[in-house]
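The values are calculated or read from the model by the stated rules, or taken from the named source; none is laboratory data. Keep in mind that what you see is a predicted model, and the values were worked out from it rather than measured. No Cβ is skipped: glycine too gets one built from the backbone with ideal geometry, and neighbour counts run over all protein chains shown.
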Amino acid sequence: MTHDIWIWAGVVLTLFIFSSLYKDNPFYRFAERLFIGATLGYAIALTWHNVIIPKIVLPLQHHEYILIIPLCFGLLYFSRFFPKQAWLSRWPMAFAIGTGTGISLPLVIQASLFKQLQGTMITSFTFSNIVLLVGVITTLTYFFFSTEHKGAVGKIARIGIWFIMVSFGAAFGYTVMARVSLLIGRFQFLLHDWLGLIK
Amino acid sequence: MWNKILGLDRRWIFLLTAVCIILPFILPMGLPMQVSPPVQNLYDKIDAIPPNGPALVLDFNCDASTLPELGPMAIAILQQCFKKNIKVILMGLSMPGVGIAQAMLEEVKVKFPDKQNGIDYVLMPYVVGFGIVVLRMGEDIHKTFETDYYGTPLDSLPMMQGIHNYDQIALVVCLTGSVTPWIAFANTRYGQEIGLGVTAVMAPEAYPYLQTNQVVGMIGGLKGAAEYETLLNKNLGFEGRKTACIGMDSQSIVHIVMILFIILGNIAYFATKKRVSNT
Amino acid sequence: MRRAVPLRICLIMGIVMIIQFFIPHRYSQDFYTKVLDWNIIIGIFALVLGIQSLFHSEWTKVRRRRSGWGFSVVTIVAVIVVAAIGIWGGIGEGSVFIKIYRNLTMSMQATMFALLGFYMASAAFRAFRARTKEATVLLIAAIIVMFGRVPVGDLVWHKLPDFVEWILMYPSMAVQRGILLGVALGSAATSLKILLGIERGWLGGSK
């Protein structure tokens, strides 16, 4: 068993959280709130050391006064604290949303639309490639709600449902895997790091 | 009887699940591990990076909730890089990711005490912006971060002297449990090769990018991490505890139990339904 | 003024950045990097605002003595203590700040999500029913993947892992791609709506 006080503290909090499996209790709620507070505290300290110092304080010390423009713009966010001037906080938001949208629009179209469509165009007629092409077309048809799913469209959409069920089944299988992995991680912590029962 | 089964207190199910996880730790089965093509591809891609040549970026776009899956991947990749003398830039697009990167680095460094900060690896600080950070790195990595995590200016670090943008980066490996901006921004705009280490939940969503080569290789979930550990152990030797491989026995047993739960639950459901319709 | 100016800023910056994408000139690149830098600086204030708002909600609970306010005290004390340790004690290797993060915060978060493993087991028993043909297909696919992605599946049938890989690489991927294409088209349309001022949700409710 470990003598590291930090691991002991981690174990106590782990057990507090696991105790909720039996029923809701104050120990669990204590750990939950402590977690929120510690995360927020972590964010504050990291923002100070990693963001405010190198991105604002140091450049200004090195006379990079051009930074004053985005700084003033950013400061407008704080107008939210004054209800009458709160509308000014929309300006930096508009800048961030406008530039963000403008930069990402062509890239997203290229990465998620053109490249993906390109990958769907089959170059050899193997069984797998045909499955892929049929799967994409029928799935898109299923999600196309501008036309009523009747007749040929209905039949194609019906095939799409089967594909979707296979995909969702696979996703579910993977989700089970992920959740179990998290549990395994915690039990390894308890049995290895704390109790030293396993290698 | 079936009604009784259906009404079983869920705490018994919790207990059974816990037992199924713990037992294989005490009585390991050592089941064989088959390596899947996406994992092999990522391993080969990193293996092909020349020693002391272009660097590898390891991004932790994740938080502690994904650590049991992504942690073993990070440790295996870092070990591979250190063994092959590949320079590594560690960073976190998410704020908790930086802390995790530091924790993983400290863990691996115990086995590689000769590896030095600023010469063999650099830990970058957190920078606000997510996708904007990825784009800015394509223009100038020094200007993006200014200093390393510990506050040392990047210009003064020997490793960073020859690294300015993606031209000097061989591969970016993003460890993530959610969306990643690397594909749309770094790959599409700068042609940067991307590898992924994702949680099992995210793995099916990443396959479309694998087929189009927008992602060169992928480690998916704890199983993927175990495959990577196996590959590393076979080719270069793995230092320390193979956490993912050890966990796979428990994973196998719990999956079998879950499948049995589904089957048993369905039998009980249809048996009681039939009885209700008969009466 | 209150709505028109931000709408215009958004439209102009959006269009300028789209045009910039197609101009690989040096000046265009310089402008682009400047905009990225400014975005990072502006983002810092949004981050600070986010942190403040979280802290404020906890503080309000304590001030108004709402139910469970005692637990909010725990949160506030934790925020102050961890932030103070980080700011004055440093965040370097071996610091108390990093020890708190590694041993307490990471442990708590990992355990909270690990609880889902137990709930998943319970749901597998109680909720997953093959009520329809479609649900049966979903369950069968799930069982195959659950079996094929663990080493024991390999022992049952050595080709099972390959078969699961095929499912993921073709039929499952086809659906994921279909969804991805839909999302891409949807996000492109939404982006245009934002730039053109048709979608104004981000401006908030007030005038």
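If a residue must be within 14 Å of chain C (Cβ to nearest Cβ), more than 20 Å from B:P158 (Cα to Cα) and not in a loop (DSSP other than H, G, I, E, B), how many such residues does the stretch B:76-100 contain?
Selection size over the stretch B:76-100: 6.
Select from the stretch B:138-195 the residues that are touching a residue at least 60 places away in the same chain (Cβ under 8 Å) and assigned to a strand (DSSP E or B) and list them in ascending order.
Scanning the stretch B:138-195 gives B:I169, B:A170, B:L171, B:V172, B:V173, B:C174, B:L175, B:T176, B:G195.
Quickly run through the stretch B:196-241 and pick out the residues that are in contact (Cβ under 8 Å) with a residue 40 or more places away in the chain, hydroxyl-bearing (S, T, Y) and part of a loop (DSSP other than H, G, I, E, B).
Across the stretch B:196-241, the qualifying residue is only B:T199.
Among the numbered criteria (1) facing another protein chain (nearest Cβ under 7 Å); (2) at pLDDT 90 or above; (3) surrounded by fewer than 22 Cβ atoms within 10 Å (Cβ to Cβ); (4) out of contact with any Asp or Glu (no Cβ under 7 Å at 6 or more places or on another chain), which single criterion is violated by C:K159?
Result: C:K159 passes all but (1).
List the helices (runs of 4 or more DSSP H) that sit entirely inside the stretch A:1-114 and contain at least 1 residues that are among the basic types (K, R).
A:26-46, A:90-108
Pull up the stretch A:81-129, narrow it to residues that are aromatic (F, W, Y) and more than 27 Å from the chain's Cα centre (by Cα), then point me to the one that is nearest to A:T139 (Cα to Cα).
Top of the filtered list is A:F127.
Looking for whichever is surrounded by fewer than 20 Cβ atoms within 10 Å (Cβ to Cβ) and farther than 26 Å from B:E205 by Cβ here; the options are C:G182, C:G204. Which one fits?
C:G204
Could you tell me how many of the residues in the stretch A:157-177 are out of contact with any Phe, Trp or Tyr (no Cβ under 9 Å at 6 or more places or on another chain) and either more than 8 Å from chain B (Cβ to nearest Cβ) or aliphatic (A, V, I, L, M) (or both)?
So the answer is 9.
Quick check on the stretch A:58-108: of everything there that is under 14 Å from C:F45 (Cα atoms) and charged (D, E, K, R), which residue is modelled with the lowest pLDDT?
A:R80
Kindly provide the set of residues from the stretch B:187-223 that are more than 10 Å from chain A (Cβ to nearest Cβ) and over 18 Å from A:T120 (Cβ atoms), ordered by number.
Result: B:Y190, B:G191, B:Q192, B:E193, B:I194, B:G195, B:L196, B:G197, B:V216, B:G217, B:M218, B:I219.
Six or more apart or on different chains, Cβ under 7 Å: which pairs go from a residue in the stretch C:126-145 that's farther than 17 Å from C:E165 by Cβ to one that's basic (K, R)? Could you list them?
C:A135/C:R129
Given the condition of a type in the set (S, T, Y) and touching a Lys or Arg at 6+ places or on another chain (Cβ under 6 Å), answer yes or no: does some residue in the stretch C:50-59 qualify?
No, the stretch C:50-59 has no match at all.
Could we say that B:I141 is among the hydrophobic types (A, V, I, L, M, F, W, C), assigned by TED's automatic domain parsing to the domain that holds B:L67 and closer than 21 Å to B:A184 by Cα here?
Spelling it out, B:I141 is indeed among the hydrophobic types (A, V, I, L, M, F, W, C), assigned by TED's automatic domain parsing to the domain that holds B:L67 and closer than 21 Å to B:A184 by Cα.
Are any residues in the stretch C:186-200 aliphatic (A, V, I, L, M), free of Cβ contacts under 8 Å to residues at least 12 places away in the same chain and more than 7 Å from every other protein chain (Cβ to nearest Cβ), and if so, which ones?
C:A189, C:L192, C:I198
Could you identify the single residue in A:I122, A:I137, A:I130 that is more than 7 Å from chain C (Cβ to nearest Cβ) and part of a loop (DSSP other than H, G, I, E, B)?
Of A:I122, A:I137, A:I130, the one residue that is more than 7 Å from chain C (Cβ to nearest Cβ) and part of a loop (DSSP other than H, G, I, E, B) is A:I122.
What number of residues within the stretch B:243-270 are free of Cβ contacts under 8 Å to residues at least 60 places away in the same chain and touching a Leu at 6+ places or on another chain (Cβ under 9 Å)?
3
May I ask you to list the residues in the stretch C:121-137 that are surrounded by 22 or more Cβ atoms within 10 Å (Cβ to Cβ) and under 29 Å from the mean Cα position of the chain (by Cα)?
Within the stretch C:121-137, C:A121, C:A124 meet the criteria.
Taking the stretch C:163-204 as the region of interest, how many residues are in a helix (DSSP H, G or I) and of a type in the set (K, R)?
Of the residues in that region, 2 qualify.
Of the conditions (1) assigned to a loop (DSSP other than H, G, I, E, B); (2) under 20 Å from B:V108 (Cβ atoms), B:P50 fails just one. Which one is it?
Condition not satisfied by B:P50: (2).
Are any residues in the stretch C:9-38 charged (D, E, K, R) and over 29 Å from the mean Cα position of the chain (by Cα), and if so, which ones?
C:R26, C:D30
Could you tell me how many of the residues in the stretch C:95-150 are more than 7 Å from chain A (Cβ to nearest Cβ) and not in a helix (DSSP H, G or I)?
The qualifying residues number 8.
Table: residues versus (1) over 29 Å from B:G151 (Cα atoms); (2) more than 7 Å from chain C (Cβ to nearest Cβ); (3) buried (at least 19 other Cβ atoms within 10 Å of the Cβ); (4) in contact with a strand residue (DSSP E or B) (Cβ under 6 Å, 6 or more places away or on another chain).
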site	(1), (2), (3), (4)
A:T2	yes, yes, no, no
A:L13	yes, no, yes, no
A:L21	yes, no, no, no
A:R33	yes, no, yes, no
A:G41	no, no, yes, no
A:V51	no, no, yes, no
A:L58	no, yes, no, no
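Please state which one of B:G247, B:G265, B:G237 is over 30 Å from C:M120 (Cα atoms) and either surrounded by fewer than 20 Cβ atoms within 10 Å (Cβ to Cβ) or outside the structural domain of B:M91 (by TED's automatic domain parsing) (or both).
Going through B:G247, B:G265, B:G237 in turn, the sole match is B:G237.
Can you report the number of residues in the stretch C:79-94 which are closer than 20 Å to B:A101 by Cβ and at the interface with chain A (Cβ under 7 Å from one of its Cβ atoms)?
3
C:V48: of a type in the set (A, V, I, L, M), facing chain A (nearest Cβ under 8 Å), under 24 Å from the mean Cα position of the chain (by Cα) and surrounded by 15 or more Cβ atoms within 10 Å (Cβ to Cβ), yes or no?
yes
Being more than 12 Å from every other protein chain (Cβ to nearest Cβ) and buried (at least 21 other Cβ atoms within 10 Å of the Cβ) is the filter; apply it to the stretch B:109-140 and report the residue that is nearest to A:I44 (Cα to Cα).
Only one residue tops the list, namely B:V122.
If you scan the stretch A:28-72, which residues turn out to be of a type in the set (S, T, Y) and under 21 Å from the mean Cα position of the chain (by Cα)?
Passing the criteria: A:T39, A:Y42, A:T47.
Only one of (1) part of a helix (DSSP H, G or I); (2) more than 7 Å from chain A (Cβ to nearest Cβ); (3) under 28 Å from A:P92 (Cα atoms) is not met by C:P24, so which one is it?
Failed condition: (1).
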